[in-house]
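Peer 1: If you scroll down you'll find the structure; I have some questions about it.
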Amino acid sequence: MGRIVLDKVTKSFGETQVIPPLDLTIENGEFTVFVGPSGCGKSTLLRMIAGLEDLTSGNILIDGEDATEVPPSKRGLAMVFQSYALYPHMTVRKNIGFPLRMEKMSQAEIDERVEAAAKSLNLVDYLDRKPGQLSGGQRQRVAIGRAIVRDPSAFLFDEPLSNLDAALRVGMRLEISEMHERMQTTMIYVTHDQVEAMTMADRIVVLQAGVIEQVGTPLELYHKPQNVFVAGFIGSPKMNIFSGPEAEKHGAATIGIRPEHTDVSMSEGTWKGTVGVAEHLGSDTFIHVHNTGLADMITVRISGDISVKHGDTIYLTPQAEQIHKFDAQGLRIE
Amino acid sequence: MSDRKLPRLLQTPAVLLLLVWMLIPLGITLYFSFIRYVLNSLRHPEWTSPSLSNWRGFGNYQFVLNSKDFLLAIQNSLFIVCSILFLTVILGVLIAVLINKSFPGQGIVRVLLISPFFVMPAVNAVLWINMILDPVLGLQGIAVGGINDILDGMRTMPVLGGFFSLWPEFEPISFRATQTSAIAVIMMVTWQWTPFAVLIFMTSLQSEDQQQKEAATLDGAGTWSQFRFLTLPHLGRPIAIVVMIQAIFHLSLYAEIEIVSRGNGNKNLPYLIGEFANNNIGAASATGIFAVILANIVAIFLLRMVGKTLME
Ligand SMILES: Nc1ncnc2c1ncn2[C@@H]1O[C@H](COP(=O)(O)OP(=O)(O)OP(=O)(O)O)[C@@H](O)[C@H]1O
Ligand SMILES: [Mg+2]
């Protein structure tokens with residue numbers, strides 16, 4: 001079990017309010033990702049759930065019980081830190097077994113559980129090493145192992161992969177996703193990596209300055225961003241967003257069109273512009289288009305390759321049904 | 001000349017200087033320890049200048065080993081050094097952990113805590129033995145006198161008086177006596193060197209990783225477990241450093257011992273060397289060699305112990 005409810009929680013550091021009143025329900029077994037720009041309060045929120053940070057007001061309910069005053073170790077949650085926070089003087093075996101040792105579990109049972117966790121994380125060969133003798137990815141696994149053995153009702157991850165190189169990140173991402181499929185335990189995962197959020201999450205919570213901008217499945221956020229902020233934040237390359245006469249034509253204050261929803265032609269189209277930088281990725285091409293009179297730059301994404309040169313004239317046509325419209329408050333118009 | 005030779009050549013003066021610096025005193029001590037060499041002798045005037053013709057072999061060592069003070073001096077050296085190390089490390093860790101938390105007036109408290117370290121050893125000894133430990137005029141005398149006065153008052157009380165008259169008068173302890181002078185030395189040196197330990201431990205505590213502690217909190221570790229499993233291992237190396245440096249310093253304690261009891265019943269090896277050196281340089285040198293050996297044994301033994309218990 002692991003249903004977590006945040007009921008009007010707030011957090012202030014001294015005078016500054018970092019989290020204004022916030023409500024959120026995380027269902028049992030759900031993989032929830034918190035995303036948002038740096039400093040928006042993702043870590044603070046996670047630490048409040050973990051109990052490492054006191055609430056200024058509001059309540060946290062875990063499985064229906066008020067956990068606001070419950071000490072961190074009694075909440076049944078396990079956390080994986082960005083810096084791994086392994087105990088440097090203990091071997092991997094002792095690190096993973098530490099929470100069990102604190103529960104005064106018998107040595108035989110500790111050994112058994114540690115072995116099992118190590119096996120599922122491919123750490124068996126490293127059990128007698130110290131954290132200092134492991135690679136970044138292995139350390140990350142040990143940190144996850146230390147969380148798994150406790151059999152928590154929910155896992156909390158604070159940017160667990162941001163210290164790893166790109167290739168390892170992809171691998172670990174899959175491992176964590178598989179772990180979630182296998183265990184079906186609630187997981188809350190903080191990241192500012194879009195791809196991690198989109199690929200791993202059952203539900204994404206987009207935060208800005210402590211305020212929830214939208215909660216939804218990755219595809220909901222992609223297809224129906226509730227406001228301009230979410231529209232610009234989710235998706236890579238970013239959605240092209242502009243206001244002005246062109247927006248008014250569609251009856252909106254602001255409109256947005258994703259780079260992949262714009263057709264390109266060298267001879268005719270709705271908008272005319274000149275090619276700036278063209279990024280050829282092989283599978284895709286990103287073209288930066290200038291002088292359209294709409295925005296400083298419009299990005300378009302073309303599947304496959306196209307031969308354009310810097311300075312070429314190019315015509316763009318947005319796919320009409322893919323245009324996102326927003327009112328003067330920045331909220332979505334259907 | 002190959003690539004290696006020139007740097008080597010340029011290093012030689014420094015290396016030679018260092019060797020000379022260390023080896024000559026050690027060599028001379030060794031040499032003196034194997035010959036008869038005294039400062040004054042009416043019967044054997046030829047012994048008053050060092051010369052190989054006065055060769056005594058291991059005679060000086062035998063003389064020292066047989067002298068009644070030698071065993072006492074070794075025991076005392078070890079007793080004093082180990083007690084001081086034990087006390088300063090424990091007090092140092094406790095105080096460092098305490099003042100590492102932030103509280104108002106932190107700066108002042110830290111400066112005050114460090115101040116004993118700036119007192120000269122001889123002054124420290126004079127201060128303690130005369131002003132604090134003196135059985136009559138020192139703080140101890142006054143305190144014991146005060147308690148006895150209160151007890152006297154209680155004895156005259158109507159009902160309970162009978163009970164209190166069963167109590168003996170308290171006797172102040174004389175710290176210049178044979179049995180207690182080592183204790184006095186331990187107290188004053190501990191007072192002086194605890195700040196050193198605190199200082200080193202405090203710097204180390206400040207570099208402790210806070211996320212590890214948070215992780216441990218989540219893992220269910222209480223304050224004591226965090227101290228035992230995270231802080232103490234983290235302090236392992238600084239403790240080894242404190243133990244090492246202090247062991248070397250305190251094996252050569254001299255001023256305190258001289259001032260407290262003039263070595264009466266409380267000699268350590270350096271003090272014994274000093275006594276021999278009044279006349280018998282050969283015996284003093286032999287004792288010096290013993291002291292070097294002892295220092296090495298102590299250092300190795302202590303480091304092993306600290307390393308084993310803390311670093312797991
Ligand atoms: N202990 C603290 N005292 C005062 N302000 C703090 C404290 N911790 C965090 N803050 C502030 O709270 C805000 C949110 O911080 P938080 O660490 O939650 O951001 P974040 O979303 O995790 O950012 P990042 O993606 O960079 O990790 C920031 O503006 C930060 O300056
Ligand atoms: Mg953060």
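Any read-out appearing in this document is the output of simple, stated calculations on the displayed coordinates, not a laboratory observation. Fair warning: this is a prediction, and the values are worked out from it, not measured in the lab. We place every Cβ from the backbone using ideal geometry, glycine too, and count neighbours over all the protein chains shown.
Peer 1: I need the phi-derived Karplus couplings for region A:64-69: 6.51 cos²θ - 1.76 cosθ + 1.60, θ = phi - 60°, integer Hz, Gly and Pro marked x.
Peer 2: x, 9, 5, 10, 4, 9
Peer 1: List the residues, sorted by chain then number, that are 5 or more residues from A:PHE157 or on another chain and whose placed amide H is less than 5 Å from its amide H.
Peer 2: A:VAL80, A:ILE188, A:TYR189, A:VAL190
Peer 1: At most 12 other Cβ atoms within 10 Å and a DSSP loop assignment: could you name the GluC sites (Glu not before Pro) in region B:147-248 that fit? Write out the running numbers ahead of the final one.
Peer 2: Working: sites: B:GLU169, B:GLU208, B:GLU214; in loops: B:GLU169, B:GLU208.
When the GluC sites (Glu not before Pro) of region B:147-248 are filtered for loop state and at most 12 Cβ neighbours within 10 Å, B:GLU169 remain.
Peer 1: Short version: what are the Cα gyration tensor semi-axes of the protein assembly as shown, square root of 5 times each eigenvalue, largest first, in whole Å?
Peer 2: Numbers: eigenvalues 1101, 250, 106 Å².
Whole-Å semi-axes of the equivalent ellipsoid: 74, 35, 23.
Peer 1: Hey, another quick one. Holding the Cα-Cα limit at 18 Å, pick out from A:LYS130/B:LYS101; A:LYS74/A:LYS104; A:LYS11/A:LYS42; A:LYS74/B:LYS213 the pairs that are longer than that.
Peer 2: On the way: A:LYS130/B:LYS101 29 Å; A:LYS74/A:LYS104 14 Å; A:LYS11/A:LYS42 12 Å; A:LYS74/B:LYS213 16 Å.
Long pairs (Cα-Cα over 18 Å): A:LYS130/B:LYS101.
Peer 1: Rounded to the nearest 500, what is the 222 nm mean residue ellipticity of chain A from helices alone, with -39500 (n - 2.57) per DSSP H run of 4+ residues and division by all residues? Don't skip to the end; give the middle numbers.
Peer 2: Working: 9 runs with 89 residues, N = 334.
One gets -8000 deg cm²/dmol as the mean residue ellipticity at 222 nm.
Peer 1: More than 31 angstrom separation, counting every C-alpha pair in chain B; what % is that? If you can, show how the numbers build up before the last one.
Peer 2: Numbers: 25743 of 48516 pairs.
Roughly 53 percent, rounded to a whole number.
Peer 1: Also, quick follow-up: Helices from chain B with mean Kyte-Doolittle at least 0.5 and a Cα length along the axis of 15 Å or more, per DSSP H: which?
Peer 2: Values: long enough: B:5-33 (40 Å, 1.39); B:68-100 (48 Å, 2.06); B:139-155 (24 Å, 0.52); B:181-206 (38 Å, 1.40); B:236-251 (22 Å, 1.58); B:281-311 (44 Å, 1.78).
Helices meeting the span and hydropathy rule in chain B are B:5-33, B:68-100, B:139-155, B:181-206, B:236-251, B:281-311.
Peer 1: Turning to a different aspect of this structure: Counting alpha carbon pairs within less than 8 Å and at least 6 residues apart, what relative contact order, in whole percent, applies to region B:194-308? Walk me through the numbers before you get to the answer.
Peer 2: Working: 71 pairs, mean separation 29.7, N = 115.
It rounds to 26 percent for region B:194-308.
Peer 1: Could you give the radius of gyration (one decimal) and Dmax (whole number) of the Cα atoms in region A:242-333, in Å?
Peer 2: Every Cα atom of region A:242-333 included, Rg and Dmax give 13.4, 40 Å.
Peer 1: Quick query: amide H of A:ILE333 versus all other amide H atoms, modeled in the peptide plane; which residues come in under 5 Å with a sequence gap of 5 or more or a different chain?
Peer 2: A:LYS325, A:PHE326, A:ASP327
Peer 1: Counting only helical runs of four or more DSSP H residues, what would the 222 nm mean residue ellipticity of chain B come to if each run contributes -39,500 (n - 2.57) and the total is spread over all its residues? Provide the component values of the computation, followed by the final result.
Peer 2: Numbers: 14 runs with 207 residues, N = 312.
After summing the helix terms and dividing by residue count, I get -21500 deg cm²/dmol.
Peer 1: Taking θ as phi - 60°, what are the ³J(HN,Hα) couplings along region B:123-131 by the Karplus curve (6.51, -1.76, 1.60), each to the nearest whole Hz, with x for Gly and Pro?
Peer 2: For region B:123-131, the Karplus curve yields 5, 3, 5, 4, 4, 5, 5, 8, 9 Hz.
Peer 1: Among A:GLY51, A:GLY97, A:HIS180, flag the residue with its Cα farthest along the positive direction of the charge dipole of region A:4-230, charges on Cβ as +1 for Lys/Arg and -1 for Asp/Glu.
Peer 2: Working it through, the farthest residue towards the positive pole turns out to be A:GLY97.
Peer 1: Another question about this same structure. Sort region B:149-214 into rounded, prolate or oblate with this rule: let a ≥ b ≥ c be the square roots of the eigenvalues of the Cα gyration tensor; rounded if a/c is under 1.5, and if a/c is not under 1.5, prolate when a/b is larger than b/c, oblate otherwise.
Peer 2: Details: a/c = 5.60, a/b = 2.02, b/c = 2.77.
Cα axes put region B:149-214 in the oblate bin.
Peer 1: Here's a follow-up. Between A:VAL70 and B:VAL123, what FRET efficiency follows from the Cβ-Cβ distance if R0 is 60 Å, with the result rounded to 0.05? The partial results should precede the final answer.
Peer 2: Details: r = 56 Å, r/R0 = 0.93.
It comes out at approximately 0.60.
Peer 1: Report the trypsin sites (Lys or Arg not before Pro) located in region A:269-334 that are in a DSSP loop and have at most 11 other Cβ atoms inside 10 Å of their Cβ, or state none.
Peer 2: Values: sites: A:LYS272, A:ARG301, A:LYS309, A:LYS325, A:ARG332; in loops: A:LYS309.
Here the sparse-neighbourhood loop sites are A:LYS309.
Peer 1: Residues with amide H under 5 Å of A:GLN208's amide H, sequence separation 5 or more or different chain, H placed in the peptide plane at 1.01 Å from N; which?
Peer 2: A:GLU213
Peer 1: In µm²/s, what is D for region B:134-174 at 25 °C and 0.890 mPa s, where D = kT/(6 pi eta Rh) by Stokes-Einstein and Rh is the Kirkwood radius from Cα pairs? Could the numbers behind the result be given before it?
Peer 2: Values: Rh = 10.7 Å.
Approximately 230 µm²/s, per Stokes-Einstein.
Peer 1: Next question. Using DSSP to define loop residues, name the GluC sites (Glu not before Pro) in region A:188-277 whose beta-carbon has at most 10 other beta-carbon atoms within 10 Å. It would help to have the intermediate numbers written out before the result.
Peer 2: On the way: sites: A:GLU196, A:GLU213, A:GLU220, A:GLU246, A:GLU248, A:GLU260, A:GLU268; in loops: A:GLU268.
Here the sparse-neighbourhood loop sites are A:GLU268.
Peer 1: Excluding residues on the same chain fewer than 8 positions from A:LYS119, give the lysines whose Cα lies under 17 Å from its Cα.
Peer 2: Hits, sequence-local ones excluded: A:LYS94.
Peer 1: Let me ask something else about it. Provide the per-residue ³J(HN,Hα) series for region A:223-229, in order, calculated from phi with Karplus coefficients 6.51, -1.76, 1.60 and θ = phi - 60°, each as a whole number of Hz, with x at glycine and proline positions.
Peer 2: 8, 9, x, 6, 8, 4, 4
Peer 1: Distance from the Cα centre of region B:202-250 to that of region A:1-61, in angstrom?
Peer 2: Measuring centre to centre over Cα atoms gives 32 Å.
Peer 1: Rounded if a/c is under 1.5, else prolate if a/b is larger than b/c, else oblate: which is region B:1-133, with a ≥ b ≥ c the root eigenvalues of its Cα gyration tensor? It would help to have the intermediate numbers written out before the result.
Peer 2: Numbers: a/c = 2.94, a/b = 1.40, b/c = 2.10.
Here region B:1-133 falls in the oblate category.
Peer 1: Something else about it: Of the DSSP beta bridges with both residues in chain A, give the percent that are antiparallel, rounding to the nearest 5. Please report the intermediate quantities before stating the final value.
Peer 2: Values: 48 of 65 bridges.
Here the share of antiparallel DSSP bridges comes out near 75 percent.
Peer 1: Would you mind computing the Rg to Rh ratio of region A:4-230 from its alpha-carbon coordinates, Kirkwood style for Rh? Each step should come with its number before you reach the end.
Peer 2: On the way: Rg = 17.7 Å, Rh = 18.2 Å.
Reported Rg/Rh (Cα atoms, Kirkwood Rh): 0.97.
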